[in-house]
Amino acid sequence: MSKLFSFSFWNGIARIILRNREVLLGAVILVTIALATQWDHMKMSYSEANLLPDSHPVNEEYNQFLSQFGEEGNLIILGIKNSDVSDYENFNRWNKISDTLATFEEVDLVLSTSNLPALKKSGDNSKFIMEPLLDQPLASNEELVAYKKQLFNDLPFYKNLIFSEKDSVIRTAIYIKKDIVNSPIRKAFVLEKLQPLFQEFKDQGLELRISGMPYIRTLNSQNIVDEISMFLLAALLITSGIFFFFFRSWRATFISICTVIIGVMWAFGFLGLLGFEITVLTALIPPLIIVIGIPNCIFLINKYQQEIKEHGNQAKSLQRVITKIGNATLMTNLTTASGFATFIFTDSKLLSEFGIVASICIVSIFLLSLIIIPIIYSYLPVPKERHLEHLRKRWIESFVDWMERMVKQRRITIYITSVVVLILSFIGIYQIRVSGSLIEDMPKGMQFYKDIKFFEESFDGIMPLEIVVNTGSKKGVSKAKILKKLNKLEEHIIETPELSRPMSIVSMVKYSKQAYYGGDPEYFDLPSTYDRVGMSKMLKETGGDQMLMSSYVDSTGQYARITTFMKDMGTDRMERVEENLRAEIENIFPADKYEVLLTGKALVFQKGTHYLINNLVLSLSLAIVLIALFMAWMFKSVRMILVSLVPNLLPLLITAGLMGYIGVPIKPSTILVFSIAFGISVDDTIHFLAKYRQELIANNWRIKKSVYAAVRETGVSMFYTSIVLFFGFSTFTISSFGGTVALGALVSATLLFAMLSNLLLLPSMLLSLERSIANERTFKKPAIPIFSSDDGDEEE
């Protein structure tokens, strides 16, 4: 393995690249074309991101629920304020929307004020029948007033189902067919049929509100697709703009842009080849390749220009670029890839796919940079003097002078500042909160997010929570004892402010009693023993389940379902609600007699957030251990492990502290920051130690001279790449997704802290520990002869 990092190995690689230029360029073109053919296989994600592995108990319970009652996320809600349909003409327009929706083949059922059924006794009192509450369009405002009075006052069954008891918002429930919920048909239906229809009626003056998981997921997915091109353009413009500002060379800028564009084409090809879906995470990979690929170009081109400036020999310069910078760049890209690859071990499909593609693409962009840049430059004339002017910029020299001066004269100040910042960071870390919100990262400027908050305010919840009670016997749900227990649990749910009014078989039984007593709303209650005797014959004659109640009792009558909705809230509050609800369930349905399942998308997402945090802490720890092992392997020194890790862990702690101070919660998007930032920031450490190792050999193990020389030579490239990475990741802050914004801002800040840490703290520690680490056994025969001396000229 050590041969991989030897000077002779890389010298051989340089010969292969420079002597087989046409073959290698042709191979790059052929691979690019082959991967481009895979673009057709890219597909969008049509279901929510599941952060839990399939074998997790919470997932198994949710899948058990789906097997009994089918897909829960097939409901689209259409709402309107009562005041907006205060005249009969607008009310008729509102009802016309529902009538139109009912004609779509993708729709299974529409429940609205246009077709609302009323439960009544038949003329001979032998059974219950359903009659439409409204059998024709309204003809006057008087008819409208009478209709609303009957709906709001006489039909409590529809409270919080069709109208809000809080502010009388009216809504229509659109149940789409369950087999299209997680398919491309749903996307076409929402974008090509629903949205044009809704816009048509909005243009007529109706202020419609639309929500529901199928609708939200479709618009969210479309937003992700729209932002990919925006990110790519922004990342290209910003990184290439900064690149040109530093190098002042259109030629170098163009070569770098072409290199990363090919890398992006490969990234899309790998997504199609592996059959992975485009999610909010995998959509970040193409712009990530640009942001990470440009620093590779900077190191290679900067080294080439330095060599040209030194001796003017193009062939020698290109060979040294490959043998010296190629070696260190391989290490930096492998550590970056390992930071992403740790996501593979989280057991989350979403993160695992992200980690696989990202790590493959990072290694690919390294290979592309190493092949394309030297080969292209070999065909071009030697850079002119004006192309090398950036190497002599005064402000860069001033920056390097300041770093060197700080390391020489202000080491104590650097240490004190680091300790103070570390203490403040720990204080901030203790203020971090965890968020398990389903909608927190959604684009708050989009209309569908505003509609979500509208329905949450009116109906006291948006995230479905499901309770399934196993009564232990067939048709056990219809027993009076079970119905009373279900009703008692519903009363607890109603008293919980974070939960909406529930729906279950209990509501239908109460409605049946109301119908039995002539529709008097005073009788909307569970039937007594006497009532059940009179109602039983009528129920038997009626036959079948009424309206939607088949969704709340399984075919055997053994399992009862209660559906409620949770408000969007913090994880701590959600856990308290869950704890209180489970305690009440245990009190009403003792575990030794009944089996009760508590599930739903809200609970799955919350548990997924906790699972993700635990696993990503482990993955970050794994990344740290891998880097530590690499340093130990390279230097055979425990102290060098400490020296290399401290400057990279400190920025992570600072960022975590900032999250606590400014109120950014730990959530699926922000927890990614630490593994990504650590994998990238350690690159600077490797580049610095690479040059430090070279200088030690060249300067006969004189520590101070070697450290200062390493600061001066690597400082410029590290500054350039850190600035590119800072502004590159900052492009994610233009996203409409809160999680993507947080990811971009936090990674940018972390990498900025890491640059300062590696340019100030790292050399300071090397100087302070020089007696301990500067012994010939540590450096004369390292485990990996990774760095070569400048004195060893290469064969041309």
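Coordinate-derived values only; no laboratory data. Because the structure is predicted, anything quoted here is derived from the model rather than measured. Cβ: placed from backbone, ideal geometry, glycine included. Neighbour counts: every protein chain shown.
Structural remarks
- What separates the Cα centres of region 612-674 and region 727-754 is a distance of 17 Å.
- Evaluated at q = 0.18, 0.20, 0.28, 0.32 Å⁻¹: base-10 log I(q)/I(0), Debye formula over Cα of region 195-240: -0.69, -0.75, -0.96, -1.03
- Positive-end residue, region 278-420 charge dipole about Cα centroid, Cβ charges, pick of Thr332, Ser317, Cys297: Ser317
- The separation of region 121-177 from region 546-607, counted between C-alpha centres, amounts to 28 Å.
- Ratio Rg/Rh, restricted to region 577-719 and using Cα atoms, in which Rh is the Kirkwood radius: 1.25
- Taking the C-alpha atoms of region 266-328, convex hull volume expressed per residue in Å³: 96 Å³
- Protection proxy ranking of 327-337, 477-487 - average other beta-carbon atoms within 10 Å, highest first: 327-337, 477-487
- Debye, to nearest 20: dipole size of the chain, +1 on Lys, Arg Cβ, -1 on Asp, Glu Cβ: 2920 debye
- Trypsin sites (Lys or Arg not before Pro) within region 544-618: DSSP coil, no more than 10 neighbouring Cβ in 10 Å: Lys593
- At the listed q of 0.14, 0.18, 0.19, 0.20 Å⁻¹, the Debye profile of region 116-254, built from one uniform point per Cα, gives log10 I(q)/I(0) equal to -0.93, -1.17, -1.21, -1.26.
- Of every Cα-Cα pair in region 1-151, the percent that sits beyond 28 Å: 62 percent
- Backbone geometry of region 104-110 corresponds, through the Karplus equation with coefficients 6.51, -1.76 and 1.60 at θ = phi - 60°, to 3J(HN,Hα) couplings of 6, 5, 7, 9, 8, 7, 10 Hz, x marking Gly and Pro.
- About the Cα centre, charge dipole magnitude for region 676-776 (Lys/Arg +1, Asp/Glu -1 at Cβ), debye: 260 debye
- Separation between Cα centres of region 432-452 and region 15-33, rounded to whole Å: 47 Å
- In the distance distribution for region 50-122, Cα-Cα pairs more than 18 Å apart total 61 percent.
- Residue by residue, region 191-206 carries 3J(HN,Hα) couplings of 7, 9, 10, 5, 4, x, 5, 5, 5, 4, 7, 5, 5, 8, x, 8 Hz when phi is fed to the Karplus relation 6.51 cos²θ - 1.76 cosθ + 1.60 (θ = phi - 60°); x denotes Gly or Pro.
- When the alpha carbon coordinates of the chain are projected onto the principal axes, the ranges are 108, 51, 40 Å, largest first.
- Karplus-based coupling profile of region 405-422, in residue order and whole Hz: 5, 5, 5, 6, 10, 10, 5, 4, 4, 4, 5, 4, 4, 5, 5, 4, 4, 5, with θ = phi - 60° in 6.51 cos²θ - 1.76 cosθ + 1.60 and x standing for Gly or Pro.
- 5 angstrom amide H check on Met44, placed H, neighbours 5+ away: Ile278
- The lysines whose alpha-carbon is closer than 19 Å to the alpha-carbon of Lys96, local same-chain residues fewer than 8 away aside, are Lys81, Lys148, Lys193, Lys202.
- Against the empirical curve 2.2 N^0.38 Å, the C-alpha radius of gyration of region 697-740 lands at a ratio of 1.92.
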